[in-house]
Structures are given as structure tokens and as C-alpha cells.
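These notes are about the structure you will find just below.
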Amino acid sequence: MEPTIELISGDITRIKSDAIVNAANSSLLGGGGVDGAIHRAGGPKILEECKEIRDRQGKCKTGEAVITTAGNLPAKYVIHTVGPIWNNDEEKCSQLLANCYRNSLKLAEGLDVKTITFPNISTGVYRFPKDLAAKIAIQEVKNFNSEIIEKVIFVCFDDENEEIYKKLLN
Ligand code: AR6
């Protein structure tokens with residue numbers, strides 16, 4: 001089944017869903033933007049688990065994803081994925097961004113996640129064009145047929161992304 005898609009504007013740390021996705025960097029050790037917000041609201045447990053993952057596997061490559069629990073957040077899991085830094089290689093960057101969505105959905109499925117929430121990965125400091133990023137995000141979710149994932153929520157924090165998603169989803 002194709003998952004139901006919902007659009008919400010606001011702060012991802014307030015969303016109740018089985019899993020929320022973090023737009024992390026390859027160090028997995030935190031940063032600004034949505035990454036900073038998730039670690040601040042979720043508390044130190046998330047960073048501890050990220051450090052354990054680093055000790056086990058090293059850095060997280062662009063396009064890949066790892067899982068921690070969600071500390072104090074109203075979710076069960078945080079899926080940390082590393083988006084591409086936009087560099088005008090549209091094809092390569094698009095593939096890597098698609099991998100972020102696909103790999104996060106695969107990990108979620110393995111954990112029996114029914115609802116998962118994505119921020120607009122790479123569209124902040126990583127400067128991925130918002131229009132293209134939204135098209136890729138929606139396409140990857142629509143192509144992901146799953147017996148387990150029932151609902152995917154896109155959370156838009158900035159008005160520009162919200163307008164773009166509204167247009168594309170209608
Ligand atoms: N809830 C939902 N979305 C948010 C929130 C929030 N609380 N805060 C920001 N956004 P960015 P990136 C949106 O820069 O471009 C970090 O330092 C924001 O409006 O957070 O993937 C990491 O450690 C934008 O649309 O992530 C990396 O170093 C989107 O989240 C780097 O930034 C992504 O913006 C990753 O850059």
C-alpha cells in the first residue's frame with residue numbers, strides 16, 4: 001500500500017509519530033537547525049546513542065541512516081539521515097537525497113513503524129533547492145509501498161517549503 005501523506009507546518013520535536021527523521025551530518029554528533037532542535041528537546045540520551053553508533057561504525061555516509069531512541073520526544077525513534085550538501089551536481093545530489101528518504105523508510109519498516117515524520121532534509125544550511133527537494137521527497141514516499149508504514153508526515157518549518165509542499169500535494 002502507498003502510505004497516506006500528511007502535511008504539517010511547525011516544529012518536528014512536537015509531532016507525535018512512531019519515528020521522526022533528523023537531518024543530521026555525517027559526524028552524528030549534532031549541529032544546528034532541525035538537528036539542534038531534536039537534540040535539545042530530546043535530551044542527552046540521543047547523543048549518547050549516536051556516539052555508540054559512531055564507535056561501532058564510524059561516520060554516517062551521505063544518503064544513509066541510523067536509528068536511536070527518542071529520549072524525551074513524543075516519538076519512539078529518531079532516524080538520523082545525512083542529506084547531501086548542494087553543489088550543482090543535480091543528478092548526484094538528487095540520488096543522494098532520494099537515498100535519505102528511501103533508507104529512512106526501510107529502517108522504519110524494520111522497526112514496525114506505522115507513522116513517520118520527515119523534515120525538509122538538506123533544504124536549510126545544505127542549500128538544496130527546495131522545489132526539487134520536495135519533488136524528490138514526495139516521489140520517494142509515493143514509490144515506497146509498504147504493508148507496515150501507514151502514514152508519512154512532512155513537517156515544514158519555513159513558509160516557503162510549506163507553500164511548495166501544498167502545491168505539489170494538491
Ligand atoms: N522542525 C522542523 N523543521 C525544522 C526545524 C524544526 N525544529 N528547524 C529547522 N527546520 P537544516 P540541512 C527545517 O539546516 O539543510 C545541521 O547543522 C529548516 O527550515 O536543519 O539538512 C546538521 O547538523 C529546513 O527546511 O538541515 C547538518 O550539519 C530543514 O529543517 C546540517 O544542519 C533542514 O534544515 C544539515 O543541513
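Show me the GluC sites (Glu not before Pro) within the stretch 64-170 that DSSP assigns to loop and that have at most 11 other Cβ atoms within 10 Å of their Cβ. Could you put the intermediate results ahead of the total?
On the way: sites: 64, 90, 91, 109, 140, 147, 150, 160, 162, 163; in loops: 64, 147, 150.
Hits after loop and neighbour filter: 147.
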**residue 69 paired with residue 4, simple spin-label distance in nm, labels 7 Å along Cα-to-beta-carbon** = 2.9 nm
**Request:** Mind listing the long-range amide H neighbours of residue 69? Cut-off is under 5 Å, sequence gap 5 or more, other chains count too, H placed in the peptide plane at 1.01 Å from N.
**Result:** 78
**Prompt:** Roughly how many Å² is the accessible area per residue of the chain, as a whole number, for a 1.4 Å probe?
**Reply:** 50 Å²
**Request:** Among 12, 83, 30, pick out the residue whose Cα is farthest towards the positive end of the charge dipole of the stretch 4-169, where Lys and Arg carry +1 and Asp and Glu carry -1 on C-beta, about the Cα centre.
**Result:** 30
**Request:** Report relative contact order for the chain in percent, whole number only (criteria: Cα-Cα under 8 Å, sequence separation at least 6).
**Result:** 33 percent
**Asked** So, with a 1.4 angstrom probe, what is the percent of accessible area on the stretch 53-146 that is carbon and sulfur?
**Response** 45 percent
**Asked** Zone of residue 92 (label point 7 Å along Cα→Cβ, backbone N under 13 Å): which residues in the stretch 35-67?
**Response** 62
**Asked** Mind checking which helices in the chain clear 24 Å along their axis (Cα) and have mean Kyte-Doolittle hydropathy of 1.0 or more, DSSP H runs only?
**Response** none
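Quick one: putting +1 on the C-beta of Lys and Arg, -1 on the C-beta of Asp and Glu, what dipole do you get for the chain around its Cα centre, in Debye to the nearest 20?
Details: 21 positive and 24 negative charges, 63 e Å.
With Lys and Arg at +1 and Asp and Glu at -1, about 300 debye.
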**Prompt:** What number, rounded to the nearest 500 deg cm²/dmol, is the helix-based mean residue ellipticity at 222 nm of the chain, given -39500 (n - 2.57) per DSSP H run of at least four residues and division by all its residues?
**Reply:** -13500 deg cm²/dmol
**Prompt:** Could you give the nm distance between label points at residue 170 and residue 59, where each point is 7 Å from its Cα heading toward the beta carbon?
**Reply:** 4.2 nm
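Taking a threshold of 27 Å on the Cα-Cα distance, which of the pairs 59/166; 59/151; 51/76; 16/135 fall above it?
Numbers: 59/166 35 Å; 59/151 30 Å; 51/76 19 Å; 16/135 24 Å.
The pairs that break the limit, which is 27 Å between Cα atoms, are 59/166; 59/151.
The values are calculated or read from the model by the stated rules, or taken from the named source; none is laboratory data. Note that the coordinates shown come from a computational prediction; the quantities given were computed from them, not determined experimentally. When we count neighbours, we look across all protein chains shown, and the Cβ atoms used for this are built from the backbone with ideal geometry, even at glycine. The area values use the complete protein model at the heavy-atom level, side chains included, leaving out ligands, DNA and RNA. Shrake-Rupley method; radii C 1.70, N 1.55, O 1.52, S 1.80 Å.
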